[in-house]
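The values are calculated or read from the model by the stated rules, or taken from the named source; none is laboratory data. Model, not experiment: these values are computed from the prediction. Counting neighbours? That spans all protein chains shown, and the Cβs are built from the backbone with ideal geometry, glycine included. Remember, those area values only see protein heavy atoms, side chains included, never the ligands or the DNA or RNA. Shrake-Rupley method; radii C 1.70, N 1.55, O 1.52, S 1.80 Å.
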Amino acid sequence: MNVTGYDLIERFEQFAPPTLAETGDPIGLAIGTLNKPIQRVMVTLDVRPEVVQEAIEKQIDFIFAHHPPMFKPAKNLISDDPQNEMYFELIKHDIAVYAAHTNLDVAPGGMNDWLADLIDLHHAETMTVTKSRPYKKLAVMVPKENETEVREALTQAGAGNMGSTYKDCSYTLEGIGRFKPVEGAHPTIGDIGKSEETHEVKIEFAVSEQDLPKVVHALLEAHPYEVPVYDVYTIENLSEEFGLGRVGDLAEPIKLQDFVTQLKETFGVSGLRYITTNPDKLIQRVAVCGGDGGKFYQDALKKGADVYITGDVYYHTGHDMLADGLSVIDPGHHIEQICKPKLKELFEQWCTENNWHLDIVSSELNTDPFRFS
Ligand SMILES: [Zn+2]
């Protein structure tokens, strides 16, 4: 099936809704249009002139980036400027550019979860909560004999998932349903013009806002009635929390110094910086935040982390971390390149699910500006 930019982005934004992004983050479509068929998508961490050349050579029509290409807005369109020249090249070759930045960092199963998985953190939880969203309650009335099949269809679609620790939560009440089908109705139970009473149950679930459309879809598919009765309302006292960074535990305690050596290999970096008063100290609880996370280090401390992994740590922040007794490992910002294989994998999965004909290409360039000597 042919795919447009809209199709891909609509699916992506169910996974990482733009509402999860930090205020002022220039996420979303930056160049071109979503309103065109696409065939070849390239995933990249950064959009740099050399990446754009790579995209042109590979006949890409859509670039999906983690870092927004126009972080600083253009003040003119004079093409002598290398940044502007890059925009010209993209427009000339009809390559659209879309970026998912802090919404991808925050998304469950997104950047920070990828990094936590990579370093094998167990029981990873959010480090810095940035957004919360009330759960919805879904109540559905169903004939008693259909209770199990409807409940199972709904839980399979995500109803009753309470965070990562409880699944399939529901509550059932028995009652009497009353209705009178009139002219034009095709009732499953009862006859036209005759009042009916049926033995029904009401099943209630908490549902995350994100899962609600697919849960309602499953309800409409599984419910035996022509017009299923269900209510959706907002739960005022129960919210899902989203945020930056993850904190979890390593399977075994390890000496900080050895962990540093191990991380060099895990992240494939030829050097990294670290801050500690004691390289021999045993660590087990680890916080990680992709990108520039120095400003959140107090949250790593509050969550009991022995060590905090993040990029772009500033000199004076390093002094504060040291004084506060937190060990920190800075493997650089470029470790976020993990987004390339991970996004490719996700997009390929969606292609299979939707029968989309789309080539997903991962940029082969290393966009890390830093080298180690
Ligand atoms: Zn970043």
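In a residue-by-residue description of the stretch 275-290, the property of being surrounded by fewer than 20 Cβ atoms within 10 Å (Cβ to Cβ), within 16 Å of the ligand (Cβ to nearest atom) and without any contact (Cβ under 8 Å) to a residue 40 or more places away in the chain applies to no position.
Out of curiosity, is residue 341 in contact (Cβ under 8 Å) with a residue 12 or more places away in the chain and assigned to a helix (DSSP H, G or I)?
Yes; evaluated as a whole, the condition is true for this residue.
Applying the condition of being without any contact (Cβ under 8 Å) to a residue 24 or more places away in the chain and not assigned by TED's automatic domain parsing to the domain that holds residue 330 to the stretch 100-150 and asking which residue is nearest to the ligand (Cβ to nearest atom) yields 148. Selection over the stretch 330-351 of residues that are touching a Leu at 6+ places or on another chain (Cβ under 6 Å) and more than 16 Å from the ligand (Cβ to nearest atom) gives a count of 1. Residues that are open to solvent by 70 Å² or more (accessible area, probe 1.4 Å), more than 15 Å from the ligand (Cβ to nearest atom) and at pLDDT below 95 within the stretch 28-75 comprise 72, 73, 75, listed in sequence order.
Here residue 181 fulfils each of the conditions (1) buried (at least 19 other Cβ atoms within 10 Å of the Cβ); (2) free of Cβ contacts under 8 Å to residues at least 40 places away in the same chain; (3) part of a strand (DSSP E or B) apart from (3).
Confirm whether residue 111 is at pLDDT below 95 and within 27 Å of the chain's Cα centre (by Cα).
On the way: at pLDDT below 95: no; within 27 Å of the chain's Cα centre (by Cα): yes.
Judged against the criteria, residue 111 is not a match.
Could you go through the stretch 188-201 and let me know if any residue there is surrounded by 18 or more Cβ atoms within 10 Å (Cβ to Cβ) and within 17 Å of residue 138 (Cα to Cα). There is at least one residue in the stretch 188-201 that is surrounded by 18 or more Cβ atoms within 10 Å (Cβ to Cβ) and within 17 Å of residue 138 (Cα to Cα). Taking the conditions (1) under 28 Å from residue 103 (Cα atoms); (2) more than 16 Å from the ligand (Cβ to nearest atom); (3) at pLDDT 95 or above in turn, residue 268 satisfies each one other than (3).
Based on this model, can you work out whether residue 238 counts as assigned to a strand (DSSP E or B), in contact with a strand residue (DSSP E or B) (Cβ under 7 Å, 6 or more places away or on another chain), loosely packed, with under 15 Cβ neighbours inside 10 Å and in contact (Cβ under 8 Å) with a residue 40 or more places away in the chain?
Numbers: assigned to a strand (DSSP E or B): yes; in contact with a strand residue (DSSP E or B) (Cβ under 7 Å, 6 or more places away or on another chain): yes; loosely packed, with under 15 Cβ neighbours inside 10 Å: yes; in contact (Cβ under 8 Å) with a residue 40 or more places away in the chain: yes.
Yes: the conditions hold for residue 238.
Quick one: count up the residues across the stretch 123-156 that are within 18 Å of the chain's Cα centre (by Cα) and either farther than 12 Å from residue 204 by Cβ or in a loop (DSSP other than H, G, I, E, B) (or both).
Here is the first cut: in the stretch 123-156, the ones within 18 Å of the chain's Cα centre (by Cα) are 123-135.
Now narrow it down to the ones that are either farther than 12 Å from residue 204 by Cβ or in a loop (DSSP other than H, G, I, E, B) (or both): 123-134.
The total comes to 12.
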